[in-house]
Amino acid sequence: MPRIVVDVMPKPEILDPQGKAIAGALPRLGFTGFAEVRQGKRFELTVEGDVTEEVLEHARSAAATLLSNPVIEDVTRVEVIEDAQ
Amino acid sequence: MTVETPLIGHSAAEVVDEHLSGVRVGVVTFPGTLDDRDALRAVRIAGGTGVPLWHGDHDLKEVDAVIIPGGFSYGDYLRAGAISRFAPLMEQITAAASGGSLPVLGICNGFQVLTEAHLLPGSMIKNNHLHFLCKDQRLTVENTMTAWTSSYEQGTEIVVPLKNQDGQFVADERTLDELEGEGRVVFRYAGGNPNGSRRDIAGITNEHGNVVGLMPHPEHAVEAGFGPDSSAFGEVEVRGGVDGLGIFTSVLQKLVNK
């Protein structure tokens, strides 16, 4: 079944405390050379039937109202991916 | 021989004021709410009648005011308050509160629910130090015109417990300027910012003053023996701090005088 992927990231101007903590842990494990880490969320919406423009619109609308909070987050991607199998 | 031992938590305030006890304050319980009992108890100690409300109902049970208490509604899944805001009861609360009539108080997770429901601006992200923080917190009461703060004097400091991990209040600069300009910052952290909140903001109100949200927990500072070790007046008897009580007496008085 096709899936719609929604990516949500903290807004650039919002400090991302989790990303900062991860950035601090990386060099302790020897992973050097990374200037910054920002942590976001990925949602996969499995679609019943075909992905029509209406279904995509529903996904975009859900991404804006429920999956993200526009005060602190941006929706950076709403995209269909087909399963390999 | 019988020895009279006072029961723990048996409040001394047994004098019933019929005007106050006629005020019905609803306290909403979601799956994962923790402080609903404490909020109901705070209402009772202030002299009012606490009414338990269930998030899945469509019935506000004719309450005169609503408290959305602290905890981890829906396990903080997705974002704190993000799923709770779509609960059936929230539709009724939002409809009744947005016009300015129904007094609504959101404490901690309840504050997060109110921002997600767009009843209050801004949002909460993880504390800047990433730790869960539990401490007695000093706050300055900056706005005494709201439904929930009229018993305080402007500029009073109070001490109430603070306990959260997602307590950092954020909003864009324009919103922050608007809040400041309109005097809608109700509580500000005193004695140091505990979580990185913008402009030390601990609590805010909407343009009508009926909806108030704050991160610290006034309902945990309403009864001697169960509160902080200090209050606005300095050290008190061990756990004797009751500075939070004014929040609950404020709304009762306002509704009685309506």
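Every number in this text was worked out from the coordinates using simple rules, so none of it is lab data. Given the structure is predicted, the values throughout are model-derived calculations rather than measurements. Backbone-built Cβ (ideal geometry, glycine too); neighbour counts: all protein chains shown.
Taking the Cβ of residue A:68 as the center, what net charge do the other residues with Cβ under 13 Å away carry, scoring Lys and Arg +1 and Asp and Glu -1?
+2
When a/c reaches 1.5 or more, the comparison of a/b and b/c decides; with that in mind, is chain B rounded, prolate or oblate per its Cα gyration tensor?
Values: a/c = 1.44, a/b = 1.19, b/c = 1.21.
Rounded, since a/c falls under 1.5.
Taking 7 Å along the Cα-to-C-beta vector as the label spot, tell me the residue B:224-residue B:239 distance in nanometres, rounded to one decimal.
1.5 nm
Just to be sure I understand: of the beta bridges DSSP finds with both ends in chain B, what percent are antiparallel, rounded to 5? Intermediate results must be reported in sequence, preceding the final value.
Working: 23 of 39 bridges.
That works out to approximately 60 percent antiparallel.
Got a sec to turn the phi values of the stretch A:58-70 into Karplus ³J(HN,Hα) couplings, 6.51 cos²θ - 1.76 cosθ + 1.60 with θ = phi - 60°, whole Hz, x for Gly and Pro?
With the stated coefficients, the stretch A:58-70 comes to 4, 5, 5, 5, 5, 4, 7, 9, 10, 6, 10, 10, x Hz.
Are there any chymotrypsin sites (Phe, Trp or Tyr not before Pro) in the stretch B:97-191 that are in a DSSP loop and have at most 14 other Cβ atoms within 10 Å? List them by number. Let's see the in-between values first.
Working: sites: B:111, B:132, B:148, B:152, B:169, B:187, B:189; in loops: B:132, B:148, B:152.
Here the sparse-neighbourhood loop sites are B:132.
So, with +1 on the Cβ of K and R and -1 on the Cβ of D and E, and no other charges, what is the size of the charge dipole of chain A about its Cα centre, to the nearest 20 debye?
Details: 9 positive and 15 negative charges, 140 e Å.
I would put it at about 680 debye.
Among B:154, B:113, B:51, pick out the residue whose Cα is farthest towards the positive end of the charge dipole of the protein assembly as shown, where Lys and Arg carry +1 and Asp and Glu carry -1 on C-beta, about the Cα centre.
Highest projection toward the positive end goes to B:154.
Helix-only mean residue ellipticity at 222 nm, chain B, DSSP H runs n ≥ 4 weighted -39,500 (n - 2.57), per residue, nearest 500. What is it?
Working: 6 runs with 54 residues, N = 258.
Helix-only estimate at 222 nm: -6000 deg cm²/dmol.
Considering only DSSP beta bridges whose two residues both sit in the protein assembly as shown, what percent are antiparallel, to the nearest 5?
Numbers: 37 of 53 bridges.
DSSP beta bridges in the protein assembly as shown are roughly 70 percent antiparallel.
Suppose each label sits 7 Å from its Cα in the direction of the beta carbon; what would the residue B:34-residue B:59 distance come out to in nanometres?
It works out to 3.0 nm between the two label points.
Out of all DSSP beta bridges in the stretch B:20-90, what portion is antiparallel? Express it as a percent rounded to 5. Intermediate values should be presented prior to the final figure.
On the way: 1 of 10 bridges.
Taking every DSSP beta bridge with both residues in the stretch B:20-90, the antiparallel ones total about 10 percent.
Which loop-located GluC sites (Glu not before Pro) does the stretch B:193-234 contain, where loop means any DSSP state but H, G, I, E or B and the Cβ has at most 14 other Cβ atoms within 10 Å?
Working: sites: B:207, B:219, B:223; in loops: B:207, B:223.
Here the sparse-neighbourhood loop sites are B:207.
Among B:31, B:214, B:227, which residue has its Cα positioned farthest towards the positive end of the charge dipole of chain B, with +1 placed on the Cβ of Lys and Arg, -1 on the Cβ of Asp and Glu, and the dipole taken about the Cα centre?
About the Cα centre, the residue reaching furthest to the positive side is B:31.
Within the stretch B:18-256, how many lysine pairs that are 8 or more places apart, or on different chains, have C-alpha atoms less than 29 Å apart? Let's see the in-between values first.
On the way: B:61/B:254; B:126/B:135; B:126/B:163; B:135/B:163; B:163/B:254.
Number of lysine pairs found: 5.
Within the stretch B:36-85, report the chymotrypsin sites (Phe, Trp or Tyr not before Pro) that DSSP leaves as loop and that have at most 13 other Cβ atoms within 10 Å. If you can, show how the numbers build up before the last one.
Working: sites: B:54, B:72, B:74, B:77; in loops: B:72, B:77.
Here the chymotrypsin sites (Phe, Trp or Tyr not before Pro) that fit, given the DSSP loop and packing criteria, are B:77.
What net charge do the residues around residue B:119 carry, taking every other residue with its C-beta under 14 Å from that of residue B:119, with Lys and Arg at +1 and Asp and Glu at -1?
Details: positive: B:85, B:184; negative: B:91, B:116, B:207.
Around residue B:119, the charge tally is -1.
Using a basic spin-label model with each label point 7 Å from the Cα along Cα→Cβ, how many nm lie between residue A:5 and residue A:61?
Calculated label separation equals 2.5 nm.
Give me the angle, in degrees from 0 to 90, between the Cα long axis of helix A:17-28 and the longest principal axis of the Cα atoms of chain A, rounded to the nearest 10.
Between the helix axis and the principal axis of chain A, the angle is about 50 degrees.
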